[in-house]
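Comments concern the structure below.
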Amino acid sequence: MRINKYLAQNGYASRREIDKLVENGDIKVNGLDVTPGQKVTDKDKIYIKGQLFEKPKSENKVYFLLNKPKGVLSASKDDRGRKTVTDLIDTKERLYPIGRLDADTEGAIILTNDGDIFNKVIHPKGEVYKEYFAIVKGEIRDKDLSKLAKGINLEDGQTLPAKTKILKRAQGRSEVIIAIREGKNRQVRRMFDAVKHPVVYLRREAIGKINLGNLEIGKYRKLTSQEIKYLKSL
């Protein structure tokens, strides 16, 4: 099995994070450097940043939805000791977040130790829309909403078409619902910057069919069996 898939399925981190570790030379197998597509088995000794990786004894898969507070990092760990989303969930399982929210953004994020569903949720072809509630500066015009809906040309490429809905325009601010199905870095904020309406406040409300509902900020819950079935069906 490819090393990124092997470590992801065993709850170390997402495949994307593991690929970065491989690129940085932080992973060795049997004392040797590895390549991104290298295959491993349970018999291999895998060292991550000098520490021997031990396959978890428990194969129990867990799935949580967290309402991420502002200031918390969307990462499984942080070398600088900053608080991460995994610090907020009480479980013995080693978790990692599916996708990211920037530190200044609140809202829905899924954490799991099931590596198989990661790409199903974040890949644009999966048609999984992530819905955000945004408060932006200025009374945004319909033509700007149309630009967002068609796609914005950012420095790292054209965004896919978004879904937009205006909730309110008043007193120099606007409240907007926007849904996207990709995950470029700080994408929603940069899209609004591009139409000259910087974000004042941003919260992710839903990931596909999985909604925050009345989940309080900083709190989490286990996904229901129906929600887990939905994720696996993507």
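Being touching a strand residue (DSSP E or B) at 6+ places or on another chain (Cβ under 8 Å), under 29 Å from Leu95 (Cα atoms) and either part of a loop (DSSP other than H, G, I, E, B) or of a type outside the set (Phe, Trp, Tyr) (or both): is that true of Ile117 here?
yes
Of the conditions (1) part of a strand (DSSP E or B); (2) buried (at least 20 other Cβ atoms within 10 Å of the Cβ); (3) within 21 Å of the chain's Cα centre (by Cα), Phe133 satisfies every one except a single condition; which number is it?
For Phe133, the exception is condition (2).
Here's a check for you: in the stretch 148-196, which residue that is among the basic types (Lys, Arg) and farther than 23 Å from Val128 by Cβ is surrounded by the most Cβ atoms within 10 Å (Cβ to Cβ)?
Looking at residues that are among the basic types (Lys, Arg) and farther than 23 Å from Val128 by Cβ, I get Arg173.
Here is a check on your reading of the model: is Glu139 modelled with pLDDT under 95, open to solvent by 10 Å² or more (accessible area, probe 1.4 Å) and either among the aromatic types (Phe, Trp, Tyr) or more than 13 Å from Ile207 (Cα to Cα) (or both)?
Numbers: modelled with pLDDT under 95: no; open to solvent by 10 Å² or more (accessible area, probe 1.4 Å): yes; either among the aromatic types (Phe, Trp, Tyr) or more than 13 Å from Ile207 (Cα to Cα) (or both): yes.
Answer is no for this residue.
Among the residues of the stretch 1-42, what is the count of those that are outside any helix (DSSP H, G or I) and closer than 22 Å to His123 by Cα? Don't jump to the end; show me each part of the working.
First pass over the stretch 1-42, keeping only residues outside any helix (DSSP H, G or I): 1-2, 10-14, 24-42.
Now restrict to residues that are closer than 22 Å to His123 by Cα: 1-2, 10-14, 36-37.
Qualifying residue count for the region: 9.
Considering every residue within the stretch 46-69, establish whether at least one is part of a loop (DSSP other than H, G, I, E, B), surrounded by 14 or more Cβ atoms within 10 Å (Cβ to Cβ) and free of Cβ contacts under 8 Å to residues at least 24 places away in the same chain.
No: zero hits.
Name, by its number, the condition in (1) open to solvent by 50 Å² or more (accessible area, probe 1.4 Å); (2) without any contact (Cβ under 8 Å) to a residue 60 or more places away in the chain that does not hold for Arg203.
(2)
If we scan the stretch 94-114, do we find a residue that is of a type in the set (Lys, Arg), modelled with pLDDT of 95 or more and surrounded by 14 or more Cβ atoms within 10 Å (Cβ to Cβ)?
Looking for residues that are of a type in the set (Lys, Arg), modelled with pLDDT of 95 or more and surrounded by 14 or more Cβ atoms within 10 Å (Cβ to Cβ), one finds none in the stretch 94-114, hence no.
Collect the residues in the stretch 70-86 that are under 18 Å from Leu215 (Cα atoms) and open to solvent by 100 Å² or more (accessible area, probe 1.4 Å), keeping them in residue-number order.
Passing the criteria: only Lys70.
The values are calculated or read from the model by the stated rules, or taken from the named source; none is laboratory data. Note that the structure is a prediction, hence the values are computed from the model and not measured. Every residue, glycine among them, receives a Cβ derived from its backbone with ideal geometry; neighbour counts consider all protein chains shown. Each accessible area value is taken on the protein alone, full model and side chains, heavy atoms only, with ligands, DNA and RNA left out. Shrake-Rupley method; radii C 1.70, N 1.55, O 1.52, S 1.80 Å.
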